[in-house]
Each structure stands twice: as structure tokens, then as C-alpha cells.
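The values are calculated or read from the model by the stated rules, or taken from the named source; none is laboratory data. Source: prediction; values computed, not measured. No Cβ is skipped: glycine too gets one built from the backbone with ideal geometry, and neighbour counts run over all protein chains shown.
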Amino acid sequence: MASMSYCRWHNASLAMQDCGNSIEQIEYEGAFVEMVEYEQQGVLNTLRAAARILEEMPVAYLKAAGIDLDRLPSQAMIDNSDLPAFRREDLPKAA
């Protein structure tokens, strides 16, 4: 069920924090490979949504949130990265 407009951002922040807490499992324990395809797609869609929020949010809000964009990976780092546990062609396609 979608969040009601009056609590959308609050509910989204709680869900994002919960997802953030599982990053270590994905990164170090290989949990991504164990996920069913729709859950893998959910991870990728969440990353796309997070990137879109960072790209489109007015910078004053990023400043208020204490966001340091210099800490984010560069495009070159992303382009040169390898997926450790599986091949890129095994990833679910964008929805």
C-alpha cells in the first residue's frame, strides 16, 4: 500500500533506514544473490530512486540534511566496478 501524502516522507525515511541497515548483508554476505528476482529488482529500483532524489532535490535541502556529495562514488568508480558474486547480465532488467 502506498503511503498517504501526509506521512509519505516519514514512512519512506523509515523504510530507507531499514534498507540501509541491510547493505552490509548485500555487500559482505552475498545476500543479493540469494534474493528472489523481484527483491533484487527492488534493490535496483531503490538505488535508482535514491539517485533521482539526490539529482532533483533542491540543493538547500541537501545542505540542510548534511549531505556531502564528495563522499559519493564518482561515475568513473561506478563504471569500473565489478559485481563480485554474479555477472551483470544476470541482473534483473530495469522495470
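Among the residues of segment 5-23, those that are loosely packed, with under 10 Cβ neighbours inside 10 Å and closer than 16 Å to residue 45 by Cα comprise 17, 18.
Listed here are the residues, each with its yes/no results for (1) of a type in the set (S, T, N, Q); (2) without any contact (Cβ under 8 Å) to a residue 12 or more places away in the chain; (3) under 19 Å from residue 69 (Cβ atoms); (4) assigned to a helix (DSSP H, G or I).
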{"position": "10", "(1), (2), (3), (4)": "no, yes, no, yes"}
{"position": "19", "(1), (2), (3), (4)": "no, no, no, yes"}
{"position": "26", "(1), (2), (3), (4)": "no, no, no, yes"}
{"position": "40", "(1), (2), (3), (4)": "yes, no, no, yes"}
{"position": "43", "(1), (2), (3), (4)": "no, no, no, yes"}
{"position": "53", "(1), (2), (3), (4)": "no, yes, yes, yes"}
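With respect to the conditions (1) among the aromatic types (Phe, Trp, Tyr); (2) at pLDDT 80 or above; (3) within 19 Å of residue 33 (Cβ to Cβ), residue 61 falls short on a single one, namely (3).
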